[in-house]
1. Would you check if there is a residue in the range 226-245 being free of Cβ contacts under 8 Å to residues at least 60 places away in the same chain and of a type in the set (A, V, I, L, M)?
2. Between Ser85, Ser56, Ser67, which is closer than 28 Å to Lys242 by Cβ, open to solvent by 40 Å² or more (accessible area, probe 1.4 Å) and of a type in the set (S, T, N, Q)?
3. Identify the residue in the range 180-200 that is open to solvent by 60 Å² or more (accessible area, probe 1.4 Å) and charged (D, E, K, R) and, among all such residues, is farthest from the ligand (Cβ to nearest atom).
4. Being in a loop (DSSP other than H, G, I, E, B) and touching a strand residue (DSSP E or B) at 6+ places or on another chain (Cβ under 9 Å) is true for just one of Asp197, Asp191, Asp201. Which residue is that?
5. Return the residue satisfying two criteria in turn: it lies in the range 83-99 and is at pLDDT below 95 and within 16 Å of the ligand (Cβ to nearest atom), and of such residues it is farthest from Gly149 (Cα to Cα).
6. Do you know which residues across the range 88-115 are open to solvent by 50 Å² or more (accessible area, probe 1.4 Å) and assigned to a helix (DSSP H, G or I)?
7. Between residues in the range 47-60 that are over 16 Å from Phe96 (Cβ atoms) and residues that are not in a helix (DSSP H, G or I) and not aromatic (Phe, Trp, Tyr), which pairs lie under 9 Å by C-beta distance while being six or more apart or on different chains?
8. Which members of the range 16-53 meet the condition of being in contact with a strand residue (DSSP E or B) (Cβ under 8 Å, 6 or more places away or on another chain) and either among the hydroxyl-bearing types (Ser, Thr, Tyr) or in a strand (DSSP E or B) (or both)?
Amino acid sequence: MLCYDKVVRAGAIDDVLRDEVELNKIREDIVKGCIYIFNSGIDKLLLERIRKYLISLGKNSLPVYYSIHEGCPNFHRVNHWDPRSHVRGCFHQFSFFPWNDDIFKFFELFKNVFYLKNRLSGLPETSFLSSVPEDGCVARLSFQYYPVGGGALNKHKDPVDYHQLTVPTMLLCQKGVDFHKGGAYVMNHLDEKIYIDELSDWGEVTYFNAQMVHGVDKIDPDAEHCWEEFKGRWIALFAVNKLASSNRISNSIDLGS
Ligand SMILES: [Fe+2]
């Protein structure tokens, strides 16, 4: 089983995107189980504005769910241990697709994060980012809020296939400030949890092999669970997903809590 190897702090995404030799080395390291943390270069004040905007959406509109299909709307949904999910969890998710415009122009703002994901996956940098699906897949930007009092995601593995090697995440909070216990982890060869939120800060992006066993331990499990407070762990997740109509890629595998 693929296990965590080591963490490498790697500087700015912009610099690596121009360095083919460095890209190849990072790709080989990630295949073997290394975690890379990059500086996105995006201003924290802008990221805080985005978080406030999402909280406003979450407080003032009803959650709803759409399957991923060409042209589907942006939406936000609450997942409260929904048994229909491939990986069970407790979080509030705000999803955006490249065929919809939005007030922050998210796919322009975060394009370098997707470009690096694609390059590390051996793909042209703009793959899956156009306004139509490619090879049955599309980029999806999801902001995820894990509430204090039990927000979590079961231990799991995500598919590595023609569409991706890694699923980057950007931290939009700080452990020790927004929450104190739990958070994202990967498993090492001793079957121990390495808590990666403790290694990263606002606006930094973490890349690792999606086949590595990982999850989110309950956020401040002793705190009162209150969805509408929007207190807890916030991240942005840079996914490439198959359309609901496609069977070409296997699903994520839930390995329990
Ligand atoms: Fe995952």
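1. Step one: of the range 226-245, the residues free of Cβ contacts under 8 Å to residues at least 60 places away in the same chain are none.
Scanning the range 226-245 turns up no residue that is free of Cβ contacts under 8 Å to residues at least 60 places away in the same chain and of a type in the set (A, V, I, L, M).
2. Working: Ser85 fails: open to solvent by 40 Å² or more (accessible area, probe 1.4 Å); Ser56 fails: closer than 28 Å to Lys242 by Cβ.
Going through Ser85, Ser56, Ser67 in turn, just one is closer than 28 Å to Lys242 by Cβ, open to solvent by 40 Å² or more (accessible area, probe 1.4 Å) and of a type in the set (S, T, N, Q): Ser67.
3. Lys181
4. Numbers: Asp197 fails: in a loop (DSSP other than H, G, I, E, B); Asp191 fails: touching a strand residue (DSSP E or B) at 6+ places or on another chain (Cβ under 9 Å).
Every option except Asp201 fails the conditions.
5. Result: His86.
6. From the range 88-115, those open to solvent by 50 Å² or more (accessible area, probe 1.4 Å) are 88, 101, 103, 105, 108-109, 111; that's our starting set.
Selection gives Glu108, Leu109, Lys111.
7. Glu48/Leu172
8. Ile35, Tyr36, Ile37, Phe38, Asn39, Ser40 - these are the residues of the range 16-53 that are in contact with a strand residue (DSSP E or B) (Cβ under 8 Å, 6 or more places away or on another chain) and either among the hydroxyl-bearing types (Ser, Thr, Tyr) or in a strand (DSSP E or B) (or both).
The values are calculated or read from the model by the stated rules, or taken from the named source; none is laboratory data. Given the structure is predicted, the values throughout are model-derived calculations rather than measurements. Every residue, glycine as well, gets a Cβ built from its backbone with ideal geometry; the counts of neighbours run over all protein chains shown. Surface accessibility is based on the protein's heavy atoms, side chains included, excluding ligands, DNA and RNA. Shrake-Rupley method; radii C 1.70, N 1.55, O 1.52, S 1.80 Å.
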